[in-house]
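Trainee: Mind looking over this structure? Questions follow.
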Amino acid sequence: MNSLRTLYNPSFFQGRLSYTGYFEGWYFKQVSTDLQHVYAIIPGIALGTRPEERYAFIQVIDGMSGETHFIRYPLEEFEASDKEFQVKVGNSKFNNSYIDLNIDNPELTLRGRIEFIDPAPYPSRLLSPGIMGRYSFVPRMECKHGLVSMDHGLEGEFQVNGTSVNFTGGRGYIEKDWGTSFPESWIWMQSNNFTRPGTSFMLSIAKIPWMGSSFIGFLGFLKIGDTPRFFATYNGAKIVHIKNLSRRDAQGTTEVEGVELSIEGKSPSGRDKLKVRAESTRRGALKSPVSGRMESFIKESVDAEIQIEYYSPENSSSEVPSFSDTGRRGGLEIVEHIFSHFQKP
């Protein structure tokens with residue numbers, strides 16, 4: 001069982017290397033100030049039942065090209081502190097202050113250090129240790145989600161196969177997942193590269209196994225400046241509209257992946273509303289966990305556009321949003337059969 005220290009600090013390593021059928025991974029996203037470079041770096045561990053299924057890894061996705069890399073490391077090359085968020089895979093280090101990469105293998109050479117400026121962590125509370133809310137206390141959930149930094153500045157650069165990529169002045173984001181497997185179906189989206197500085201958005205919708213059955217749950221936030229607004233199944237918010245926008249473009253040559261949805265929230269000051277439209281065309285294939293084994297694949301874009309309209313409680317009945325903006329270089333994953341759960345019989 002996790003200690004109170006790890007429970008109230010979801011960024012910490014939540015597992016044990018002795019576990020079987022378990023995975024844990026951290027997602028670090030970096031976007032350059034000119035939006036011309038986007039890299040997501042994912043360190044983690046896979047703990048299957050057989051020796052060859054137990055290892056550490058680093059995944060890398062270039063959001064502009066969709067090129068991905070999966071680098072395996074012996075499990076002995078994974079280290080994690082139980083007193084702070086500090087993870088080491090091979091010669092690369094990860095925490096909430098910086099990442100220091102030293103990847104050198106035939107498919108990818110990636111070195112460099114990126115400092116994180118003024119990270120914005122999820123506020124931990126007594127009855128809500130993380131963005132999972134009260135579900136943080138439920139043991140043996142298939143997949144748990146942690147929010148490490150909603151938004152932060154970047155300083156530093158990478159050397160990618162000998163080419164310098166400068167991230168100074170750009171924006172970063174950190175989250176994580178742990179458990180046994182990713183959900184059967186889900187939608188995930190995220191961007192903190194909006195026109196208005198300090199704006200950040202994330203939304204995750206998933207089919208969640210529960211006591212022999214399942215339900216569709218979601219969680220997310222919209223941070224405008226210093227003020228985050230959280231939307232989740234557990235705080236009374238509801239998805240009132242959702243539509244699959246995936247299609248071919250007008251020329252019939254490019255596959256467009258997209259979703260449109262509306263959420264009605266419930267806050268102490270009344271009902272508010274969030275409208276979202278997200279679309280992407282460039283995607284890469286990332287490995288994902290099934291019973292602790294990294295044997296499945298998901299398609300992820302790190303180049304999505306996410307349009308946001310937010311209607312405050314005072315403005316919820318108006319046709320003019322209180323806030324409207326478009327996030328660029330967004331993350332987007334859609335497992336399309338999630339939409340079948342919203343169709344009326």
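The values are calculated or read from the model by the stated rules, or taken from the named source; none is laboratory data. Note that the structure is a prediction, hence the values are computed from the model and not measured. Positions of Cβ are generated from backbone atoms using ideal geometry, with glycine treated the same way; all protein chains shown enter the neighbour counts.
Trainee: Looking at (1) surrounded by fewer than 20 Cβ atoms within 10 Å (Cβ to Cβ); (2) touching an Asp or Glu at 6+ places or on another chain (Cβ under 9 Å); (3) outside any loop (DSSP other than H, G, I, E, B); (4) touching a residue at least 40 places away in the same chain (Cβ under 8 Å), which one does SER149 not meet, given that it meets all the others?
Mentor: For SER149, the exception is condition (1).
Trainee: Does the range 10-25 include one or more residues that are assigned to a loop (DSSP other than H, G, I, E, B) and in contact with a Pro (Cβ under 9 Å, 6 or more places away or on another chain)?
Mentor: Yes: one or more hits.
Trainee: Is it the case that the range 56-77 has a residue that's part of a strand (DSSP E or B), touching a helix residue (DSSP H, G or I) at 6+ places or on another chain (Cβ under 7 Å) and modelled with pLDDT of 95 or more?
Mentor: Yes - at least one qualifying residue is present in the range 56-77.
Trainee: Only one residue in SER204, SER181 is in a strand (DSSP E or B) and of a type outside the set (Val, Ile, Thr), so which one is that?
Mentor: So the residue among SER204, SER181 that is in a strand (DSSP E or B) and of a type outside the set (Val, Ile, Thr) is SER204.
Trainee: Continuing with this model, one more query. Report yes if some residue within the range 287-301 is among the polar types (S, T, N, Q), within 22 Å of ARG72 (Cβ to Cβ) and part of a loop (DSSP other than H, G, I, E, B); otherwise report no.
Mentor: yes
Trainee: In the range 260-281, what residues are surrounded by fewer than 19 Cβ atoms within 10 Å (Cβ to Cβ) and over 15 Å from LYS243 (Cα atoms)?
Mentor: GLU264, LYS266, SER267, PRO268, SER269, GLY270, ARG271, THR281
Trainee: Scan the range 185-208 residue by residue and report those that are touching a residue at least 12 places away in the same chain (Cβ under 8 Å) and either of a type in the set (Asp, Glu) or surrounded by fewer than 17 Cβ atoms within 10 Å (Cβ to Cβ) (or both).
Mentor: THR195, ARG196, GLY198
Trainee: Something else about it: Do we find that TYR39 is closer than 26 Å to PRO129 by Cβ and aromatic (Phe, Trp, Tyr) in this structure?
Mentor: For TYR39, the condition - closer than 26 Å to PRO129 by Cβ and aromatic (Phe, Trp, Tyr) - is not met.
Trainee: When the residues of the range 102-139 are filtered to those that are free of Cβ contacts under 8 Å to residues at least 24 places away in the same chain and more than 20 Å from PRO228 (Cα to Cα), which remaining residue is surrounded by the most Cβ atoms within 10 Å (Cβ to Cβ)?
Mentor: Going through the qualifying residues, I end up with ASN102.
Trainee: Among (1) surrounded by 20 or more Cβ atoms within 10 Å (Cβ to Cβ); (2) over 20 Å from ASP151 (Cα atoms), which single condition is SER81 missing?
Mentor: For SER81, the failing item is (1).
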